[in-house]
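For reference, the structure discussed in these notes is given below.
Any read-out appearing in this document is the output of simple, stated calculations on the displayed coordinates, not a laboratory observation. No experiment lies behind these values; they were computed from the predicted model shown. Cβ placement follows ideal geometry from the backbone for every residue including glycine, while neighbour counts extend to all protein chains displayed.
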Amino acid sequence: GKVSLSATIYGGGSLVYTTIFEYAVSGGTTWKTLPLCSPVAVGQTFTCTWNTTGLTSGSYDLRAVATAGSTKVTSAAVTDVMVDNTAPAVTMTDPGATLSGTVTLGATTTDADSGVGQVVIQYAPNGTTTWTTACTIGSSPFTCRFDTTKLANGKYDFRAVSTDNAGNSATSASVIGRTVDNTVSSVAMEDPGAYLTGTVTLTATATARTGVA
């Protein structure tokens, strides 16, 4: 996106300087004036807004060059500045059709430039856009343990939001209609009879809102 840059002249005396900002591919020697960056002077400090979207993602060196007549001075370079305007790729991991108790939520995500900074796992009642954060994960593997008993029984959608270290973010496709059920099932043992011999059949009946496993 857009980034603020600044440079300050020290010991410039009464000379009036014109300052530009330059960039080069990291480690290179071919310096170019930053595009769409018009420096504004305040005293001996120069600032500009650098629109990084015109550059290919990668590492760059930056420097400031001040000129007053025949006097030209160049700052030390700020090296290995990562330009990253590409959002990460992210996929929500399916937590399963039916959830109860404490479950594992997670996502897979990659970012080729500045790297993944964090992943936020979110949930919402099925078919709504009321997203709530289940957990925030700052490092790989991007998984967390989530207590589903905090939720009312019902169907929920889940998604992951990945943000890279440059601030670009992407939201995964939602995993929809997953059932949270923390209701205790009913189960009854049928009486096999008072006296048993040989091989007998034992039978139970059970009910559960999401089906008996």
Legend entry - Amide H contacts under 5 Å for residue 135, placed H, 5+ residues apart: 121
Legend entry - Reach of residue 2 by Cα under 19 Å, taken over lysines that are not fewer than 8 positions away in the same chain: 32
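What FRET efficiency comes out for residue 202 versus residue 124 if R0 is 45 angstrom and r is the Cβ-Cβ distance? Round to the nearest 0.05.
For residue 202 and residue 124, the calculated efficiency is 0.55.
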Inset, instruction - Give me the number: length gained by fully extending residue 86 to residue 74, i.e. 0.36 nm times residue separation minus the C-alpha to C-alpha distance, one decimal in nm. - result: 1.2 nm
Inset, instruction - Using amide H atoms built 1.01 Å from N in the peptide plane, name the residues 5+ places from residue 142, or on other chains, whose amide H lies under 5 Å from its own. - result: 107
Inset, instruction - Kindly write out, for the stretch 90-96 in residue order, the coupling ³J(HN,Hα) from the Karplus curve 6.51 cos²θ - 1.76 cosθ + 1.60 (θ = phi - 60°), rounded to whole Hz, with x marking Gly and Pro. - result: 8, 9, 6, 7, 5, x, x
Legend entry - the stretch 1-149 shape via C-alpha gyration tensor axes, a/c threshold 1.5: prolate
Inset, instruction - Treating cross-link reach as a plain straight distance, find the aspartates and glutamates whose alpha-carbon is under 13 Å from the alpha-carbon of residue 155, omitting any fewer than eight places away in the same chain. - result: 181
Legend entry - For the stretch 113-146 versus the stretch 1-74, the gap between their alpha-carbon centres in whole angstrom: 39
